[in-house]
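Reviewing the structure listed below.
The values are calculated or read from the model by the stated rules, or taken from the named source; none is laboratory data. This one's a predicted model, so the numbers in the text were calculated from it and none came from an experiment. We place every Cβ from the backbone using ideal geometry, glycine too, and count neighbours over all the protein chains shown.
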Amino acid sequence: MNEADAGTTPIRPLVAGNWKMNGLKAALSEALAVDEALAEAGQAVGADVMICPPATMVMVLSELSGKGGLQVGGQDCHANSSGAHTGDVAPEMLADAGAIAVIVGHSERRADHGETDRIVHEKVLAAHRAGLTAIVCVGETIGQRQAGLTLDVVARQLSGSIPDGVTAENVIVAYEPVWAIGTGLTPGTDDVEQVHGMIREHLSGRFGEEGRRIRILYGGSVKPSNAVELMGITNVNGALVGGASLMAKDFLGIVEAYRG
C-alpha cells in the first residue's frame, strides 16, 4: 500500500539496499547493473531505488551511477561534522561524496556498538545538518517479541530516536525485526501490518500530515520470493534490503514488486 493511512496522500516507495561490510571495487558492477536496468525500465519502476555501499565506495558509486536514477546512501555517520574520531565518517563527508541519505540506528549498530536512542537522535540531527535524509531503523529482538513487547519497544525507539520537527523529506523509518535479519525468517503479514500500522499512528499523531507522508520501510530477510507479499501490506512503503541487495538479479527481483 503506497498511500498513508488516511488514503489521501500518495507515498513514493523506496527500495534501499544495505550492503553492510561487504563489497570491494569489483562489486560495483552489480550496483551499476541495477542502474542500467532502471534506465531500461524507465517509468515502469514505481519506486525510488537506493544502494548504501561501504563508505569506501560511496563516492565512486555516486560518480558512476545515476543513468537510471539509482540513489546512493551511507550506512552510518558520526554526530559531529569533524574532529578526533578515528575511523568515523561525518555526514558532511557522505554528502560531499555524493550520498543523499544515511542509515542510522541499525540493530547491528545498536547491538555491536552500544548505540542508544539518544545517540541515534543526535545522528538524525547531524544527517539533517548535512542535508541528508536519515533512514531511522527500529525493531525488536526475539526475546522482546516472545515477551509481547514488540509494539512497546518500537514505540520507545521511535520516540527516543526521532527528533521534533522532522519532515517526510528528511526522515524515513525502517522497521527491522532483529530476529529476522539475515535468518531467512519473516514475521507473518498480519504482524508486519500491525507494527507498521502502529508506526504510522505514532508518526501521524506526532507530526500530523508530515507523519502521514513519511515512508515506512520493512526490512528483515526481504527477497524476491516474498517481496510482492510484503510490499503489498498496508503502510509498507518499500524495503530495506540486506543480503539480497548484493546481487543485481536478486535486488532487481525485489524492485520488480513495484514495477507498473
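Structure summary
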read-out: Lone qualifier among Ser204, Ser221 - being touching a residue at least 60 places away in the same chain (Cβ under 8 Å) and crowded, with 16+ Cβ neighbours inside 10 Å; value: Ser204
read-out: Qualifying residues in region 34-57 (those that are out of contact with any strand residue (DSSP E or B) (no Cβ under 6 Å at 6 or more places or on another chain), of a type in the set (Gly, Ala, Ser) and outside any loop (DSSP other than H, G, I, E, B)) - the one modelled with the lowest pLDDT; value: Gly42
read-out: Lone qualifier among Ala227, Ala248, Ala180 - being in contact (Cβ under 8 Å) with a residue 60 or more places away in the chain and among the small types (Gly, Ala, Ser); value: Ala248
read-out: Helices (runs of 4 or more DSSP H) enclosed by region 116-235 - at least 1 residues per element that are in contact with a Leu (Cβ under 7 Å, 6 or more places away or on another chain); value: 189-207, 209-213
read-out: Those residues of region 29-40 which are farther than 12 Å from Lys67 by Cβ and surrounded by 18 or more Cβ atoms within 10 Å (Cβ to Cβ), in sequence order; value: Glu30
read-out: Out of Thr141, Thr133, Thr183, Thr150, sole residue that is over 27 Å from Ser62 (Cα atoms), of a type in the set (S, T, N, Q) and surrounded by 19 or more Cβ atoms within 10 Å (Cβ to Cβ); value: Thr150
read-out: Residues satisfying the stated conditions in region 58-99, i.e. in a loop (DSSP other than H, G, I, E, B), surrounded by fewer than 18 Cβ atoms within 10 Å (Cβ to Cβ) and β-branched (Val, Ile, Thr); value: Thr86
read-out: Hits in region 153-179 (condition: hydroxyl-bearing (Ser, Thr, Tyr) and surrounded by 16 or more Cβ atoms within 10 Å (Cβ to Cβ)); value: Ser161, Tyr175
